[in-house]
Ligand code: HEC
């Protein structure tokens, strides 16, 4: 009887240990492309730029529901930029839809992702830089890593201290209170922050 109980307890702990260990190793290191995108994500903003780029910004629904405007973003926030080149006519002029907005053409070659976790370890980072609890990744449409320098992400995002290192915090807060996807046209090119993106 004693041995039976002992064996049962042993089995239980073995199960726990194996279960826990497999949970630890089952997480791939670093930012991974979320399998539940776009289904479990919400679009909160769209930024068009006069250099002919359209960026749709999505956040995972669970983080959005936990988000409190004025506070930092919740643990396990995942934000994705799903970008497109804007359509041009034969002369290279940007085409506009009936709302005066650019029209989406080919998608970007990559998705930019920022993921906030309280339990990142050094092995999760491809960069020696750190920005709060955020890690960054760039992905091909098939979810494999897109080859680019991730130090640039950390360098550029680290200045946004007051908005938890995000540029679109204000848009997220406004979307949270209005339910309207926040749109604006930025006349600066590439990744230069527009006035709409610096602060609350
Ligand atoms: C030189 C500055 C710069 C660099 C480099 C940069 N970003 Fe950003 N990022 C921005 C700006 C500005 C925005 C706001 C959206 C916009 O204006 O296009 C943004 C927005 C984002 C967002 C949406 C959440 C937020 O912060 O608003 C994610 C996710 C993101 N960037 C990921 C990345 C990743 C991943 C990299 C590196 C591969 C990267 N960024 C490199 C400037 C930069």
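The values are calculated or read from the model by the stated rules, or taken from the named source; none is laboratory data. Everything numeric in this text was worked out from a predicted model, so none of it was measured. Cβ: placed from backbone, ideal geometry, glycine included. Neighbour counts: every protein chain shown.
Points to keep in mind about this one:
- The residues in region 144-163 that are under 15 Å from residue 79 (Cα atoms) and out of contact with any strand residue (DSSP E or B) (no Cβ under 7 Å at 6 or more places or on another chain) can be counted, and the count is 1.
- Selected residue (criterion: farthest from the ligand (Cβ to nearest atom)) from residues of region 165-185 that are surrounded by fewer than 19 Cβ atoms within 10 Å (Cβ to Cβ) and assigned to a loop (DSSP other than H, G, I, E, B): 179
- Where strands (runs of 3 or more DSSP E) fall entirely within region 19-112, those with at least 1 residues that are at pLDDT 95 or above and touching a helix residue (DSSP H, G or I) at 6+ places or on another chain (Cβ under 6 Å) are at 41-49.
- Each residue in region 134-162 was checked for being in a helix (DSSP H, G or I), near the ligand (Cβ under 10 Å from one of its atoms) and without any contact (Cβ under 8 Å) to a residue 12 or more places away in the chain, and 1 pass.
- Tallying residues that are outside any loop (DSSP other than H, G, I, E, B) and more than 7 Å from the ligand (Cβ to nearest atom) within region 186-197 yields 2.
- Qualifying residue in region 124-133 (condition: in a strand (DSSP E or B) and crowded, with 19+ Cβ neighbours inside 10 Å): yes
- Yes/no for residue 178 being over 17 Å from the mean Cα position of the chain (by Cα) and free of Cβ contacts under 8 Å to residues at least 24 places away in the same chain: yes
- Any chance residue 70 is assigned by TED's automatic domain parsing to the domain that holds residue 136 and either within 12 Å of the ligand (Cβ to nearest atom) or more than 19 Å from residue 163 (Cα to Cα) (or both): no
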